[in-house]
Amino acid sequence: MGKVIAIVNQKGGVGKTTTSINLAASLGVLGKKVLMIDLDPQGNATTGVGVDKGDISSSIYEVLTMKSSIEGSIIKTKSQNLSLIPAYLNLAGVDMELIELEKKAKEKGYSFNRVTRLKDEILKIKDNYDYILIDCPPSLGILTTNALAAANSVLIPVQCEYFALEGIMQLINTIMLAQRKVNPNLEIEGVLLTMFSNTNLGVEVIESIKGFFKERVYNTIIPRLVRLAEAPSHGKPILEYEPRNKGTIAYLNLAKEVINRNGTEEEGTR
Ligand SMILES: Nc1ncnc2c1ncn2[C@@H]1O[C@H](COP(=O)(O)OP(=O)(O)OP(=O)(O)O)[C@@H](O)[C@H]1O
Ligand SMILES: [Mg+2]
């Protein structure tokens, strides 16, 4: 049974997508079968693994609104063991449509729950993967709520900057609400420090985040690196764009930590 991990932080630009792409690719290289679901209308995870938005015939939007099957919306990427359900801009209007579909279902007497839509679909394919990573948008709206309902756990990237913990209480409250309402077993997978620069401020921020999240914080810290920012424009995870880069090593180390926390040994190439 695959493990579903939602990469969540409603704060924008903290490294959710960079982490989704590079953790997914790293798990793939370590021999795990991985599906990445792009749940952000910006579609950055989609283009970041080299999928051209113009070539998409079905995306997560069609899956959520019952226009396509989930099986038929999965694309194999060029990366080892990595498949993708893409997203593009039409996903932005999905909330109103889900409300309409739920209303219609009630009238006609079949079951449709707009909060568990993603979960209900993922259940059909979960067994085919070791890990399913969901790249969430920077908001706590219906898309993120769907991710929290569908996930076994959340991975929270936190940018090493002065206001790092701003908004974290709101995120924790949302996770607790999801636990109470739809997903009692939802766990915090881990907290990942991203875009670290070795300055006094960077070090102070790490201390305060570790003080707050304790052992949930990964030992691996992702440094701020130009190559990590460049790689998506070439449609490649960092390990393909620049295999010897520090960013490649960092995300491979993160993948190993994720695998170890989940109690299985990594296999495949190293
Ligand atoms: N470790 C890093 N070093 C340098 N640049 C980075 C790093 N991680 C992310 N970036 C850059 O910072 C920006 C934000 O990163 P990313 O898109 O991963 O964040 P996000 O949380 O997904 O953003 P959004 O909330 O808009 O979805 C991007 O331009 C990305 O290339
Ligand atoms: Mg993003």
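Where a number appears in this text, it was derived from the coordinates with a stated rule and is not lab data. Worth saying up front: this structure is predicted, and the values here are computed from it rather than measured. In this analysis, Cβ positions are derived from the backbone assuming ideal geometry, glycine residues included, and neighbour counts consider all displayed protein chains.
Things to note:
- GNM remark for the chain: springs join alpha carbons under 10 Å apart, and the peak mean-square fluctuation among Ala87, Ala151, Ala229 falls on Ala229.
- Rounded FRET efficiency, nearest 0.05, which uses the C-beta distance separating Ala92 from Met66 and R0 of 22 Å: 0.75
- Within a Gaussian network of the chain (alpha carbon springs, distance under 10 Å), most fluctuating of Met176, Met195, Met36: Met176
- Per-residue 3J(HN,Hα) values for region 244-259, derived from phi via the Karplus relation 6.51 cos²θ - 1.76 cosθ + 1.60 with θ = phi - 60°, read 8, 5, 4, x, 4, 5, 4, 6, 5, 5, 4, 4, 5, 4, 4, 5 Hz in sequence order (x marks Gly and Pro).
- Across region 163-235, Cα-Cα pairs farther apart than 21 Å form 42% of the total.
- Taking packing as the residue-averaged number of other Cβ atoms within 10 angstrom, the listed peptides 155-167, 207-219 run from highest to lowest as 155-167, 207-219.
- Within the chain, percent of DSSP bridges classed antiparallel, to nearest 5: 5 percent
- Using only Cα coordinates, the Kirkwood hydrodynamic radius of the chain works out to 18.7 Å.
- If the chain linking Phe112 and Met1 were pulled fully straight, counting 0.36 nm for each residue of separation and taking away their Cα-Cα distance, it would gain 37.6 nm.
- GNM top mover of Lys108, Lys119, Lys256 - the chain, alpha-carbon springs below 10 Å: Lys108
- Per-residue Karplus couplings for region 62-74, computed as 6.51 cos²θ - 1.76 cosθ + 1.60 with θ equal to phi - 60°, are listed in order as 5, 5, 5, 9, 6, 8, 9, 7, 5, 4, x, 10, 8 Hz, Gly and Pro entered as x.
- Label zone at Ile99 (point 7 Å along Cα-to-Cβ), backbone N below 15 Å, region 125-144: 141-143
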